[in-house]
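Q: If you scroll down you'll find the structure; I have some questions about it.
The values are calculated or read from the model by the stated rules, or taken from the named source; none is laboratory data. All figures in this text were calculated on a predicted structure; none of them were measured in a lab. Ideal geometry is used to build each Cβ from the backbone, glycine not excepted, and the neighbour counts take in all protein chains shown.
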Amino acid sequence: MEERGETGALYWAMGFPLLILAGVTVVLGFLEIPLSEFLSGGTTARPYGDHAWLPYISGGLAVLGVSVAWFEFGRRAAPQVGFVERIPLLRELFSQRWYLDHAYRRFVDTVIDGFLSKGCAQNEDRVINDSIDGFCDFTLDTGHLFSFLQSGKLRYNLIVMFGALALVALYFLLA
């Protein structure tokens, strides 16, 4: 018995925001013309433009949907099975979710995986990896060169530095 109370509370918690949104939508629907006049700066426009038949069609479709739902599920002798379940092609279409998953999978396989990711992989191999490899090779080569020039002995470094300074001083004295 306690589970039913929790389930009812859960339905209320989930349904209450939907009721609020539906109420706001209904109020905005009734205030459509005044709001459109206010937002357009006072210029009056026909509410549906050249599509004055649109509200009647949408209202008729809503009444038709409610009527079909009542006929198949709401009346006493209703079979409680929708018309979609009785038509095999429609049942398959809806059970496969209009084949949107199949279309999405084909799109991902051909466009994303087949075209874009291969292009990105080639770009990564040719541009990014090759440039990083070249920079690393340059770093190693210059490191080997400097390690050859730099022996680690302080006297040798000082002798080379004083020799370079002496050559520069001699250049300035003779020039």
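Q: Identify the single condition in (1) outside any helix (DSSP H, G or I); (2) at pLDDT 85 or above that A22 does not satisfy, given that it satisfies every other one.
A: (1)
Q: Examine segment 63-79 for a residue that is at pLDDT 90 or above, under 37 Å from the mean Cα position of the chain (by Cα), under 30 Å from G114 (Cα atoms) and part of a helix (DSSP H, G or I), and state whether such a residue exists.
A: Scanning segment 63-79 turns up no residue that is at pLDDT 90 or above, under 37 Å from the mean Cα position of the chain (by Cα), under 30 Å from G114 (Cα atoms) and part of a helix (DSSP H, G or I).
Q: Still on this model: Do the conditions hold for Y56, that is, is it under 27 Å from G82 (Cβ atoms) and at pLDDT 80 or above?
A: For Y56, the condition - under 27 Å from G82 (Cβ atoms) and at pLDDT 80 or above - is met.
Q: Among R75, R155, R86, R97, which is of a type outside the set (A, V, I, L, M) and farther than 30 Å from L64 by Cα?
A: Only one candidate passes the filter, namely R155.
Q: Only one of these is in contact with a helix residue (DSSP H, G or I) (Cβ under 6 Å, 6 or more places away or on another chain) and free of Cβ contacts under 8 Å to residues at least 12 places away in the same chain: E124, E92, E72, E85. Name it.
A: Criteria check complete, one pass: E85.
Q: So S36 clears everything in (1) in a helix (DSSP H, G or I); (2) at pLDDT below 85; (3) more than 33 Å from the chain's Cα centre (by Cα); (4) surrounded by 11 or more Cβ atoms within 10 Å (Cβ to Cβ) except one condition, right? Which one?
A: So S36 meets the others, but not (3).
Q: Moving to a separate point now. Restricting attention to segment 86-130, which residues are more than 28 Å from F73 (Cα to Cα) and charged (D, E, K, R)?
A: Answer for segment 86-130, where residues must be more than 28 Å from F73 (Cα to Cα) and charged (D, E, K, R): D101, R105, R106, D109, D113, K118, E124, D125, R126, D130.
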